[in-house]
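Here the structure comes first, spelled out in structure tokens, and everything after it is commentary.
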Amino acid sequence: MENTPGVIEEHTNYRLEQAIELDGQRLRSDPDARARMKEAIVQYGAVTFSYNWIHEVPYDNPSRGGSGNPHACVIIGWDDTIPASLFSGGASQDGGWLVKNSYSSLPYFYLSYDNNSGSVFAFDYAMKEEYDFNYFYDASTEDFGMAASLNYTCAANVFQGQKGSDSATEYVKAVQVGFYGSGATCEVKVYTDLQDQQDMTDLGNVDPTQG
């Protein structure tokens with residue numbers, strides 16, 4: 001199918017180059033997961049996440065205090081030496097994450113390592129000028145069924161070029177691929193001047209080299 005590139009992103013000052021998801025549910029008890037979180041903070045400068053907001057204190061432990069509401073924040077650092085007794089209601093271990101809050105009443109606070117976080121992501125951006133145009137499907141892999149089976153080894157998208165002309169050539173500078181897990185090796189192939197129509201109801205016989 002042909003896809004009209006997203007227009008909204010053309011009005012932003014940045015291009016998303018890379019995004020990774022971290023396992024927030026293992027941060028409380030898995031030292032390796034916590035080490036990966038620290039590495040992501042160092043590499044990307046910050047990690048976005050959500051946690052169970054209950055109260056607003058300089059040293060918070062949401063696991064002690066009942067139910068609350070999901071609240072999105074940004075983790076910008078950590079301190080392994082904070083005593084467990086300093087956190088609200090106490091904690092089972094020393095240390096916590098340094099959080100940049102969205103509330104001006106308490107713009108920074110520490111969150112105990114006891115906390116289980118959700119929606120933990122790190123992002124890497126480039127200035128808009130780095131890429132002249134961005135073609136993308138504003139959706140996730142699940143919307144196209146690509147995550148339905150481990151047997152999928154190939155995927156293809158089709159975009160209609162917007163910036164080329166008879167006097168100007170448009171080049172593909174980068175291709176972004178999303179996948180679950182780590183250590184994956186991806187091979188990218190680009191085909192041009194695709195004309196042929198194919199039966200998209202029979203995906204087993206679809207050939208991206210034919211259009």
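The values are calculated or read from the model by the stated rules, or taken from the named source; none is laboratory data. Since we're looking at a predicted model, the values are computed, not measured. Every residue, glycine among them, receives a Cβ derived from its backbone with ideal geometry; neighbour counts consider all protein chains shown. Ligands, DNA and RNA are stripped out before the accessible areas are found, and what is left, the full protein with its side chains, is counted by its heavy atoms. Shrake-Rupley method; radii C 1.70, N 1.55, O 1.52, S 1.80 Å.
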Hey, if we sort Tyr103, Tyr180 by accessible area with the 1.4 Å probe, largest down, what's the order? Tyr180, Tyr103
With every protein chain left in place and a probe of 1.4 Å, what is the accessible surface of Lys163, to the nearest 10 Å²? 120
Chain lengthening between Glu129 and Phe179 when straightened (0.36 nm per residue, less Cα-Cα): 15.3 nm
Run the dipole for the stretch 53-128 about the Cα centre, Lys and Arg Cβ at +1, Asp and Glu Cβ at -1, nothing else charged, and hand back the magnitude in debye, nearest 20. 260
Express in Å², to the nearest 10, the accessible area of Met200 obtained by rolling a 1.4 Å probe over the protein heavy atoms while all chains stay in place. 110
Judged on accessible area alone, 1.4 Å probe, highest first, Phe109, Phe121, Phe179 line up as Phe179, Phe121, Phe109
Tell me which lysines have Cα within less than 23 Å of Lys128's Cα, excluding those fewer than 8 residues away on the same chain? Lys163, Lys173
Here the gain from full extension of Ser85 to Lys189, 0.36 nm per residue of separation minus their alpha-carbon distance, amounts to 31.8 nm
